[in-house]
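Following: one structure in structure tokens, then a few remarks.
The values are calculated or read from the model by the stated rules, or taken from the named source; none is laboratory data. Owing to the predicted nature of the structure, the values given are computational and were not obtained by experimental measurement. Glycine also receives a Cβ, built like all others from the backbone with ideal geometry; neighbour counts cover every protein chain displayed. Just so you know, the surface numbers come from the protein's heavy atoms only, side chains and all, with ligands and any DNA or RNA stripped out. Shrake-Rupley method; radii C 1.70, N 1.55, O 1.52, S 1.80 Å.
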Amino acid sequence: MGALALAPAGARVPPPAGTLVHTLEPFLGDPSPFGPGAWTWSRTFEHPTHLSAIRARFASTTHGVPTRYRWETSGCGDETWRPLADTGEPHEAATGVVLPRRRTWFVDTPTRVCALRLVVTATNGGRPAIERVEAIEGARNVLRDAIGGMSADGGDPVALVDGTYERAWVGAPGRSTWSIEVRLPRPERIDRVRLVLGADATSVASVARGGTHGYAVTRAPRRLVLSVSEDGVAFTTIARSDAPVRRPLIRVPGARPIVALRLALEGATDDVGHASPIATPMVRELAAYAADDPAPVLPEPWILSVNANPASSFGPRGSTANDVYFAKFLQMRFASLLPSMARDDRYARALGPVGELIDTPRSPSDGRALESIAGDDPLLRADWLRASWPPPIVVLSGSNDWEYARRTSIAPKGRTRWNPLLPAKLGGMGDVADAIQSRAAPFLGFCGGAQLIALLEARRDGSGDEIDAVLRRNNGRLIRGFAPASSLIRAWPGEAHLSPRVTFDPRDALFADLAGPSLRNTTQAFPQSHLDLIRPEAFDERGPLARFEVLATSLFCSSTVVASLHPVAATKNPNGAGRCARVTEVFRARPGEGWPIVGAQFHAEQRDFSTPPPGDPPEAVADARLFVAGAYEEVIDAYLRLAGAP
């Protein structure tokens, strides 16, 4: 990694003196809306506010949730209402659809505002019913005051500070170095500078990795130097970097009064991520924050899809297609939660109906909300994740056709045995263990991704002994060779198999939307397909997963379940002969310092059932979506807390 003076992750950035969260009154729409079918709710702030996020909690999942709406603000002394970008639904939901009760919108008002308004023209049923609204202040980019004092070797530098990802500054062609300079209209004590670099993230073949693909950034500077000046003449360097980090937050030592800032760039990568002498760099955002601004820096979150599979399992379509396969599910699932994800849809567009890669046109929104990386990429470690602000929501999703083993090997027919606990240089994911154990970033794991999170939490020396301590077959046997069909738990949308009944705590915030007012505590609407499980006894207070807590379980009942299981891992079959193995369905890192980690044995990120399973209420068809929404909002809770919002 290059020398970059980064704000410490997991700590407040920086510790604010008193961030303001405006808790606003609830709203129940009139039964007969006025105007052209519109309900309007508005509130005035006590003082001018730089708005960075809006959070709402609705009264129900089945009715009263806005499906066509817009958030608006008005300036101080100005009665004109202006819509906020990316705060509406990209696709209107149908009446009757089940929607999450909690929503968060990240915004960036260019000036301070004095009032907030919500205009609703449709809901998922009935009049809108909002229990709580929070308007959250964030630190303001002081460089917006310096538009008249900007110069750069290339495009219009105003694009750097206009608050939009899609408008970017691009360096002039025919050069190998570039400079951007900003002169403030008055001295400002600046203590933080944030950048968004490059056009997008990609993967390129790496000689150092034996030809396998590694993370790279397109149209990015190869080296950068950030300098500041107190008099506009002499500049002091505060950061240097050659690291492939797109969203660094840089600390300015001493929070000195600054009148000018200079960003020097050298070299660039091209449109596919390779260094090229004719490439030009792109900088999407440049922001600086005053030391006396008590609010935290709250840019929109982003997601890092991890292809958590050995390189030998990618199949004939190769690693890029495999990366796209897993990332496209996240784009489709999170698009309704993170509006910028609806714009950043290249992964969903890049894979055809039978898994073939499609050459899709570039979009200005590429890389705004979603990036992908191979699980065995040496970059994927705690320091690299901490180098971004905010750190990504790291999602491990699904597994290819391979088996856990102490020694990695490829059989003649192509089936792979893999020890994911090995370090990246040996083809494993062991370098990620420190990031999980230190809670360096938020992690979500689904199915095989959840199992890998558990293994990496338990990793000690990477020998593979941790596999038997953490995992076993669904039928209770040790993982040896390839699993028999009798160990398979599978219930997939469109197939006839009934999903296991998952029992959960209805009072836990993660399941609140599923539970509803009746406090339902079971569901059969989670898509499942796995041969192995995480041992329930591993979560004991002296077990390798003691820092995790189990939130949901199910039973796998079969005549093949062995009789020698730990007492907490098995029970008698309540419906007949044989035994039942207890399946860990959901676990979470225990509350404490650092970012949340949630693992789920099912594929909530990929599929929904089209009809409710027998015995489940009609709204159960949304259980997978609501679970993902609940996990996402838990991450946002932590983001605001760690950033400094109360």
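Coupling constants for segment 350-367 follow from the phi torsions by the Karplus curve (6.51 cos²θ - 1.76 cosθ + 1.60, θ = phi - 60°), and in residue order they are 8, 10, x, x, 10, x, 7, 6, 10, 6, 9, x, 6, 10, x, 8, 4, x Hz; glycine and proline get x.
Counting Cα-Cα pairs of segment 495-646 in 5 Å increments starting at 0 gives whole-percent bin shares of 2, 9, 16, 20, 19, 16, 11, 5, 2, 1, 0, 0. The calculated Kirkwood hydrodynamic radius for segment 178-274 is 14.7 Å, given to one decimal from all distinct C-alpha pairs. Each of A538, I597, P614 was placed along the dipole of segment 501-623 (beta-carbon charges, centred on the mean Cα), and the one lying farthest toward the positive end is A538. Compared with the dominant Cα axis of the chain, that is its longest principal axis, helix 623-643 is turned about 40°. Relative contact order of segment 518-646: 26 percent, from C-alpha pairs under 8 Å at least 6 residues apart in sequence. Less than 5 angstrom separates the built amide H of V252 from those of R192, V193, all sequence-distant by 5 or more or on a different chain. The accessible surface of the chain, taken with every protein chain in place and a 1.4 Å probe, is 52 percent carbon and sulfur. Positive contributions from Lys and Arg (+1) and negative ones from Asp and Glu (-1), summed over other residues with Cβ under 12 Å from the Cβ of M332, come out at +1.
Rounded to a whole number, what is D in µm²/s for segment 114-214 from Stokes-Einstein with the Kirkwood radius over alpha-carbon pairs (25 °C, 0.890 mPa s)? Answer from the Stokes-Einstein relation: 132 µm²/s.
Give me the distance between the Cα centres of segment 408-464 and segment 576-602, rounded to whole Å. Value for the Cα centre distance between the two parts: 18 Å. Over segment 512-585, the pair-distance histogram of Cα-Cα distances with 5 Å bins from zero comes to 3, 14, 21, 21, 19, 15, 7, 1, 0 percent, rounded to whole numbers. In plain terms, the chain is cut at each of the trypsin sites (Lys or Arg not before Pro) found in a DSSP loop with at most 12 other Cβ atoms within 10 Å, and the longest leftover piece is 1-361. For L555, the residues whose modelled amide H falls within less than 5 Å of its own, excluding neighbours fewer than 5 places apart on the same chain, are R501, V583. Which of rounded, prolate or oblate describes the chain when judged by the alpha-carbon gyration tensor and an a/c cut-off of 1.5? Judged from the Cα gyration tensor, the chain comes out oblate (a/c at least 1.5, b/c at or above a/b).
So what does log10 I(q)/I(0) come out to for segment 384-508 at q = 0.10, 0.17, 0.20 Å⁻¹, using the Debye formula with one equal point on every Cα and no solvent? One equal scatterer on each Cα of segment 384-508 leads to -0.39, -1.03, -1.27.
Looking at the chain, the DSSP beta bridges with both ends there are about 85 percent antiparallel. Backbone phi angles across segment 252-269, fed through the Karplus curve with coefficients 6.51, -1.76 and 1.60 (θ = phi - 60°), yield HN-Hα couplings of 9, x, x, 6, 6, x, 10, 10, 8, 9, 10, 10, 9, 10, 9, x, 7, 9 Hz in residue order; Gly and Pro are listed as x. Projecting the Cα positions of G154, V432, W169 onto the charge dipole of the chain (unit charges on Cβ atoms of Lys, Arg, Asp and Glu, taken about the Cα centre) puts V432 furthest along the positive direction.
Rounded to the nearest 20 debye, the dipole magnitude of segment 338-388 is 220 debye, with +1 charges on Lys and Arg beta carbons, -1 on Asp and Glu beta carbons, and the Cα centre as origin.
Mean separation of Cα pairs under 8 Å and 6 or more residues apart, divided by the residue count, gives the chain a relative contact order of 13 percent.
Remark: the S179-A577 segment gains 135.8 nm on full extension, using 0.36 nm per residue and subtracting the alpha carbon distance. Taking all protein chains into account, the per residue accessible area for segment 132-220 stands at 37 Å² (1.4 Å probe). Farthest towards the positive end of the charge dipole of segment 277-399, among the residues Y289, G355, S336, is the Cα of G355, using unit charges on the Cβ of Lys, Arg, Asp and Glu. Taking only the alpha carbons of segment 259-373, we obtain Rg and Dmax values of 17.7, 56 Å in that order. A simple count of charges around A342, restricted to other residues whose Cβ falls under 11 Å of its Cβ and scoring Lys, Arg +1 and Asp, Glu -1, yields -2. Normalising the average separation of contacting C-alpha pairs (under 8 angstrom, six or more residues apart) by the number of residues puts the relative contact order of segment 438-533 at 28 percent. Summing +1 for each Lys or Arg and -1 for each Asp or Glu among the other residues whose beta-carbon sits under 13 angstrom from that of W169 gives -3. Remark: segment 446-580 carries a charge dipole of roughly 420 debye about the Cα centre, counting +1 on each Lys and Arg Cβ and -1 on each Asp and Glu Cβ. Sequentially through segment 101-112, phi angles give Karplus couplings (6.51, -1.76, 1.60; θ = phi - 60°) of 7, 10, 9, 10, 10, 9, 10, 8, 6, x, 10, 5 Hz, Gly and Pro residues having no value and appearing as x. Entry note, the chain: the mean residue ellipticity at 222 nm calculated from DSSP H runs of n ≥ 4, each adding -39500 (n - 2.57), is -3500 deg cm²/dmol after division by the residues and rounding to the nearest 500.
If I histogram all Cα-Cα distances within segment 326-412 using bins 10 Å wide from 0, what percent of pairs lands in each bin? Per 10 Å bin, starting at 0, the Cα pair percentages come out as 13, 37, 34, 14, 2.
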